[in-house]
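Data block below; observations after.
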Amino acid sequence: MSGSRLLAEQQFHDSQAAERAERFADLASLRFRDADYLDHETWIRPAFERLGDLPGKGVLDYGCGHGMASVVLARHGAEVTGFDLSTGYVEESRRRAMANEVDAQFLQADAEHLPFDNSSFDAVWGCAILHHLDLRQAGGELRRVLRPGGVAVFCEPWGGNPFLEFARRYLPYPGKHRTRDERPLRPSGLAPLRESFPDLTVRGYQLLGMAGRLIRRERRSSGQLDRWDTALLRRWPRLEKWCRYVVIELRRS
């Protein structure tokens, strides 16, 4: 990542973190249940389960952001280290861990130049981070810090649906925030990552369910769309290329 792009990404997320700091000024506002994180999107819980048993494992929260994943990982028994490019988000993560009474270490770092020794972690978790990065550089660093047999799991926005890309570009909807340079991942864009992880797997989530981002629906209706998605994607897995998000699994041989 060039110096100008790195600075732009850092400034964008520091600005976001500063806005959030006003909303989460007291520790009580940072407390939450595991389900608040694991069930806030349909792909989070099944992706989390791909990490396997966590007690005693060293886990890297890769681009930790608000720190909710770090807290859930620690509650499941992992020894958690989180990093983020934004110093503001690192501070929020530290405060969130304190508010939820879990132990985790946090630091500011660049994902393409990780400050960790070789084979430092049993697992890596990341959410909406890879699509910001040079995947050749990031993939090499991920392979370097993972122990043999380790797994990395990422939840990423997917760019295979032209109608969804139109909506992302032109239509307003809640939570629509992006940096100037980020782009959703596409199948061809995964080639550099496969250089380090040739056996990577990709699974799509939210096909019909993505409509809930554009129009307001009752929770019951959204749940029905998600159930239809589960049935459709199980029967016709090729439809995953049209999904909103994907879960990417990388295993270190």
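The values are calculated or read from the model by the stated rules, or taken from the named source; none is laboratory data. None of these values were measured; they are calculated from a predicted model. No Cβ is skipped: glycine too gets one built from the backbone with ideal geometry, and neighbour counts run over all protein chains shown. Please note that ligands, DNA and RNA were not included when accessible areas were found on the heavy atoms of the full protein model with its side chains. Shrake-Rupley method; radii C 1.70, N 1.55, O 1.52, S 1.80 Å.
A few comments on the model shown:
- Efficiency of FRET from Cβ geometry, Ser4 and Glu165, R₀ 22 Å, rounded to 0.05: 0.30
- Checking every one of the trypsin sites (Lys or Arg not before Pro) in segment 26-98 against DSSP loop status and a limit of 14 other Cβ atoms within 10 Å picks out Arg31, Arg33.
- What the Cβ-Cβ distance of Ala21 and Arg144 gives, at R0 = 41 Å and to the nearest 0.05, is a FRET efficiency of 0.80.
- Once all protein chains are placed together, Ser196 keeps about 20 Å² accessible to a 1.4 angstrom probe.
- With R₀ set to 51 Å, the beta-carbon distance separating Asp103 from Lys241 gives a calculated FRET efficiency near 0.80.
- The dipole here belongs to the chain: it is taken about the Cα centre, uses +1 on the Cβ of Lys and Arg and -1 on the Cβ of Asp and Glu, and is about 1180 debye.
- Count Lys and Arg as plus one, Asp and Glu as minus one, and take only other residues whose Cβ is under 12 Å from that of Glu92; the net charge is then 0.
- When the GluC sites (Glu not before Pro) in segment 61-126 are filtered for DSSP coil states and for at most 12 other beta-carbon atoms within 10 Å of their beta-carbon, the remaining sites are Glu101.
- Dipole-positive endmost among Val102, Leu30, Leu7 within segment 1-157 (Cβ charges, Cα centre): Val102
- For the set Leu164, Leu30, the ranking by accessible area, highest first and with no ligand, DNA or RNA atoms included, is Leu164, Leu30 under a 1.4 Å probe.
- In this view, the solvent-accessible surface of Cys127, computed with a 1.4 Å probe and all protein chains in place, comes to about 50 Å².
- Report summary: the helix-based calculation at 222 nm, which adds -39500 (n - 2.57) for every DSSP H run with n ≥ 4 and divides by the residues of the chain, gives -11000 deg cm²/dmol.
- On a per residue basis, the chain carries 52 Å² of accessible surface, using protein heavy atoms and a 1.4 Å probe.
- Added length on full extension, which subtracts the Cα-Cα distance from 0.36 nm per residue, Glu91 to Ser188: 31.4 nm
- Accessible-area composition of segment 10-65, carbon plus sulfur, in percent [1.4 Å probe]: 48 percent
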